[in-house]
Amino acid sequence: MTTVLLMGPPGAGKGTHAGHLAGRLGVPVISTGDLFRRNIAEGTELGQTAQKYLDAGEYVPDEVTNGMVRDRLAAPDARPGFVLDGYPRTLDQAGVLDELLREQGRSLTAALVLQVHVDALVGRLLRRAEIEHRSDDTEEVIRRRFEIYHEQTAPLIDFYATRGIHHEIDASADIETVRSHVTQVALQLKPAA
Ligand code: AMP
């Protein structure tokens, strides 16, 4: 059972590496950003609530996000493990995740932190904006997403470091190099519970 969290600032490559790693581990990716975007595209009630936060680069309130993750973690395909992409992003969410996993008799195996210098990130995000046309990849919203990451999400690095399950990965290299580093670290993990 491998339960991995991929962390990192916007544009660090969480989505790209989560997909590849999940394929190697044979587990699903659980991406809260993708779940929100799918709900928005389908016009669900949750999507309508989430949209204004995504468009502004703000975090969706914890109670909405935690409820969505609770349902997703309970799905049968997540039983053998999962790669979390973009959740938890606040200390409150990290506490809720611990609780949800404890209820299921498991725990987080590792938090992999993708580190990239901020100057490289803005360029990556603006290039992605041209390709994917995400409404939150404008320069102003990108700036806000960085601020929130540093205020609310970066403290999670210490939270997981204290627990001894965090691994920093230099994600400024090319995709292939980062991918093999991520895979190498993940395959050496001792699965929890
Ligand atoms: P991402 O695709 O991970 O960059 O997420 C895109 C946007 O979805 C974020 O800027 C937030 O508005 C929202 N979002 C994704 N994950 C979370 C989360 N764990 N908590 C709150 N908001 C989130």
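The values are calculated or read from the model by the stated rules, or taken from the named source; none is laboratory data. These numbers were taken from a predicted model, which means no experiment stands behind them. A quick note on method: Cβ atoms are made from the backbone with ideal geometry, for glycine too, and the neighbour counts reach across all protein chains shown. SASA here: full protein model, heavy atoms, side chains in, ligands and nucleic acids out. Shrake-Rupley method; radii C 1.70, N 1.55, O 1.52, S 1.80 Å.
The amide H of ILE30, built 1.01 Å from its N in the peptide plane, has VAL83, LEU84, ASP85 as neighbours under 5 Å, considering only residues 5 or more places off or on other chains. Highest mobility in the GNM of the chain, judged by mean-square fluctuation with C-alpha springs under 10 Å and restricted to ASP71, ASP170, ASP62, is found for ASP71. If you take the beta carbon distance between LYS52 and LEU189 as r and set R0 to 45 Å, what does 1/(1 + (r/R0)^6) give as a FRET efficiency, to the nearest 0.05? Given R0 = 45 Å and the Cβ-Cβ separation, E is 0.75. Peptides 108-115, 126-133, ordered by how many other C-beta atoms sit within 10 Å of their residues on average, highest first, read 108-115, 126-133.
Need one word for the stretch 3-73: rounded, prolate or oblate. Basis is the Cα gyration tensor (sqrt eigenvalues a ≥ b ≥ c); a/c below 1.5 gives rounded, then a/b vs b/c decides.
Numbers: a/c = 2.01, a/b = 1.57, b/c = 1.28.
Here the stretch 3-73 falls in the prolate category.
In this simple spin-label model, placing a label point 7 Å from the Cα along the Cα-to-Cβ direction at both ALA74 and SER107 gives a separation of 2.4 nm. Couplings 3J(HN,Hα) for the stretch 68-81, derived from phi with the Karplus relation 6.51 cos²θ - 1.76 cosθ + 1.60 (θ = phi - 60°), are 5, 6, 4, 5, 5, 5, 7, 5, x, 5, 8, 5, x, x Hz, where x marks Gly and Pro. Solvent-accessible area assigned to carbon and sulfur over the chain amounts to 51 percent, based on a 1.4 Å probe.
In order along the stretch 158-171, the Karplus-derived 3J(HN,Hα) couplings, from 6.51 cos²θ - 1.76 cosθ + 1.60 at θ = phi - 60°, round to 5, 4, 7, 5, 4, 7, x, 10, 9, 10, 8, 10, 6, 9 Hz, and Gly and Pro are given as x. The residues packed around LEU100, meaning those with a beta-carbon under 14 Å from its beta-carbon, carry a net charge of -2 if Lys and Arg are +1 and Asp and Glu are -1. The Cα atoms of the stretch 60-171 give a gyration tensor whose axes a ≥ b ≥ c have a/c of 1.5 or more with a/b greater than b/c, which makes the shape prolate. In this structure, the amide hydrogen of ALA111, modeled 1.01 Å from its nitrogen in the peptide plane, lies closer than 5 angstrom to those of LEU5, HIS166, HIS167, counting only residues at least 5 positions away or on a different chain. Length available on full extension from ARG124 to GLU151: 0.36 nm per residue minus the Cα-Cα distance, which gives 7.6 nm. Entry comment: accessible area of the chain is 49 Å² per residue, from protein heavy atoms only and a probe of 1.4 Å. The distance linking the stretch 47-71 with the stretch 119-193 is 19 Å (Cα centroid to Cα centroid, whole angstrom). What the phi angles of the stretch 35-49 give under the Karplus curve with 6.51, -1.76 and 1.60, with θ = phi - 60°, is a coupling list of 4, 5, 4, 5, 5, 5, 4, 8, x, 6, 4, 4, x, 5, 5 Hz, glycine and proline written as x.
Once every DSSP H run of n ≥ 4 in the chain is given -39500 (n - 2.57) and the sum is divided by its residues, what mean residue ellipticity at 222 nm do you get, rounded to the nearest 500 deg cm²/dmol?
-17000 deg cm²/dmol
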